[in-house]
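Asks: Questions regarding the structure given below will be posed in turn.
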Amino acid sequence: MSNGNKSCMFGDVPDFLACIFHTFEEWSGLGPLEDYLSYLEYLAWVFTPLVVVFILPFLIVIFLYLSILFLHVYKHKNQLREAYSNNLWDGAIKTLATLWDGHGFIWHGYEIHGMEKIPDEGAALIVYYHGAIPIDYYYFLANVVIQKGRIVHSVADYFLFKVPGFKLLLEVFSVIHGPQEECVKALKSGHLLGISPGGVREALLSDETYPLLWGKRKGFAQVAIDSKVPIIPMFTQNVREGFRSLGGLSFFRWSYEKFRVPMAPVYGGFPVKFRTYLGNPIPYDPNISAAELAEKTQQAVQALIDRHQIIPGNVLRALLERFHSRHKEK
């Protein structure tokens, strides 16, 4: 069998495959396949990093669902109950806290500075800056369980309660949507409560310059006043370098403002250095208004950003910080 000067009568497999490729090239009219394969290889080289940085955030979602699966299995079996206490969920909470703490240590070299400011007992309101994905807050919750033996109740946006399968996780870790009455009730019961006044808006629309997008929100301050508890400011260094959002693009900003649905893609998952800093507690003052306390709290969180975060944030610099202990101080 022949085709022009090319013959397909070869004695080994490589020659036969070469003949097949040559025949396909002439039949398709595409020219040398090597050129197209090289072009595809180039495209793969260019786009693989982009695919990776958009896939890594989904690994956190997978980790959350694995945590939920563990809770369901634990609820069904409840084999660790006697090993911890009479509370049904004590064993599960401590186990998951250990796993999340391990994830933070391995992937981000996670550290907390100022844990002694979290009271061993009694109520306090923890107010923090919201990253694109608040994974630093998950690590913080895990550390409070491990080091203090306490669960921090948390306030989350309503959309989180609509995510399929999240109900059990939210219940076990005492996550509430609000309103203010529920927050006051939790604090008056002596619990710790964590809240981010910026919420989803700050998560999606803030960027590597770390602006606080709290608007005129003062409900959290009124909660602290009504509960007569101190406010503890919190900020995590490089949280925007770990995960970033495309929410600043006009279309995603418009869609969020219009429909209040967090549709902006999040990318990253970079193993940058995370350090969480807890500021000095702002004590309860019966003579201060909610607006004044909200402003005072915002200034306290901003002071932590100014002191510990180099602006604008840089992913490469944050990665290099994994290998040395220096960090911004004033």
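The values are calculated or read from the model by the stated rules, or taken from the named source; none is laboratory data. Every value quoted in this text rests on a predicted model; they were computed, and no experiment measured them. Heads up, the Cβs are rebuilt from the backbone with ideal geometry, glycines too, and the neighbour counts pull from every protein chain shown. Side chains included, ligands, DNA and RNA excluded: accessible areas come from the protein's heavy atoms. Shrake-Rupley method; radii C 1.70, N 1.55, O 1.52, S 1.80 Å.
Quick grid of which residues meet (1) over 30 Å from V266 (Cβ atoms); (2) open to solvent by 20 Å² or more (accessible area, probe 1.4 Å); (3) among the aromatic types (F, W, Y); (4) touching a strand residue (DSSP E or B) at 6+ places or on another chain (Cβ under 8 Å):
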position	(1), (2), (3), (4)
S67	no, no, no, no
G91	yes, no, no, no
L96	no, no, no, no
G109	no, no, no, no
V127	no, no, no, yes
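Asks: Return the only residue of F140, F166, F173, F159 being open to solvent by 60 Å² or more (accessible area, probe 1.4 Å) and touching a residue at least 24 places away in the same chain (Cβ under 8 Å).
Replies: Answer to the selection: F159.
Asks: Can you pull out every residue in region 143-156 that is β-branched (V, I, T) and open to solvent by 40 Å² or more (accessible area, probe 1.4 Å)?
Replies: Hits for region 143-156 are I146, I151.
Asks: What do you reckon, is D136 more than 25 Å from Q222 (Cα to Cα), among the charged types (D, E, K, R) and in contact with a Gly (Cβ under 8 Å, 6 or more places away or on another chain)?
Replies: Yes.
Asks: Okay, next question. Please enumerate the residues belonging to region 261-281 that are more than 12 Å from A132 (Cβ to Cβ) and in contact (Cβ under 8 Å) with a residue 24 or more places away in the chain.
Replies: The answer is V261, P271, V272, K273, F274, R275, T276, Y277, L278, G279, N280, P281.
Asks: Let me ask something else. Being farther than 26 Å from Y210 by Cβ and out of contact with any Pro (no Cβ under 8 Å at 6 or more places or on another chain): is that true of E116 here?
Replies: no
Asks: Quick one: is G219 small (G, A, S) and closer than 30 Å to G122 by Cα? I'd like the intermediate steps shown before the answer.
Replies: Details: small (G, A, S): yes; closer than 30 Å to G122 by Cα: yes.
Against the criterion (small (G, A, S) and closer than 30 Å to G122 by Cα), G219 qualifies.
Asks: Just the residues that are without any contact (Cβ under 8 Å) to a residue 60 or more places away in the chain and either under 25 Å from L168 (Cβ atoms) or of a type in the set (G, A, S) (or both), please, taken from region 96-122.
Replies: L96, A97, T98, L99, W100, D101, G102, H103
Asks: Let me ask another. Condition first: of a type in the set (D, E) and either under 20 Å from the mean Cα position of the chain (by Cα) or modelled with pLDDT of 95 or more (or both). Now tell me which residues in region 79-116 satisfy that.
Replies: Of everything in region 79-116, those that are of a type in the set (D, E) and either under 20 Å from the mean Cα position of the chain (by Cα) or modelled with pLDDT of 95 or more (or both) turn out to be D101, E111, E116.
Asks: Return the residues of region 106-126 that are more than 13 Å from T236 (Cβ to Cβ) and either among the hydrophobic types (A, V, I, L, M, F, W, C) or assigned to a loop (DSSP other than H, G, I, E, B) (or both); say none if nothing qualifies.
Replies: Within region 106-126, I106, W107, M115, I118, P119, D120, E121, G122, A123, A124, L125 meet the criteria.
Conditions (1) out of contact with any Lys or Arg (no Cβ under 7 Å at 6 or more places or on another chain); (2) aliphatic (A, V, I, L, M); (3) within 24 Å of G104 (Cα to Cα), marked per residue:
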{"site": "F243", "(1), (2), (3)": "yes, no, yes"}
{"site": "R275", "(1), (2), (3)": "yes, no, yes"}
{"site": "L278", "(1), (2), (3)": "no, yes, yes"}
{"site": "I305", "(1), (2), (3)": "yes, yes, yes"}
{"site": "G313", "(1), (2), (3)": "no, no, yes"}
{"site": "L320", "(1), (2), (3)": "yes, yes, yes"}
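Asks: Still on this structure: Any residue at all in region 239-246 that is modelled with pLDDT under 95, among the basic types (K, R) and surrounded by 18 or more Cβ atoms within 10 Å (Cβ to Cβ)?
Replies: Yes, region 239-246 has at least one match.
Asks: Then there's this: I'd like to check something: does region 180-191 contain any residue that is crowded, with 17+ Cβ neighbours inside 10 Å, among the basic types (K, R) and free of Cβ contacts under 8 Å to residues at least 60 places away in the same chain?
Replies: Within region 180-191, none of the residues are crowded, with 17+ Cβ neighbours inside 10 Å, among the basic types (K, R) and free of Cβ contacts under 8 Å to residues at least 60 places away in the same chain.
Asks: Something else: Among the residues of region 201-235, write down those that are under 23 Å from the mean Cα position of the chain (by Cα) and acidic (D, E).
Replies: Once the filter is applied, which keeps residues that are under 23 Å from the mean Cα position of the chain (by Cα) and acidic (D, E), region 201-235 yields E202, D207, E208.
Asks: Another question about this same structure. Residue check, D136 against (1) part of a helix (DSSP H, G or I); (2) out of contact with any helix residue (DSSP H, G or I) (no Cβ under 6 Å at 6 or more places or on another chain), all met but one. Which one?
Replies: In the conditions (1) part of a helix (DSSP H, G or I); (2) out of contact with any helix residue (DSSP H, G or I) (no Cβ under 6 Å at 6 or more places or on another chain), D136 misses (2) alone.
Asks: Now a separate question. Among (1) out of contact with any strand residue (DSSP E or B) (no Cβ under 6 Å at 6 or more places or on another chain); (2) under 20 Å from Q302 (Cβ atoms); (3) buried (at least 19 other Cβ atoms within 10 Å of the Cβ); (4) not β-branched (V, I, T), which single condition is Y277 missing?
Replies: So Y277 meets the others, but not (1).
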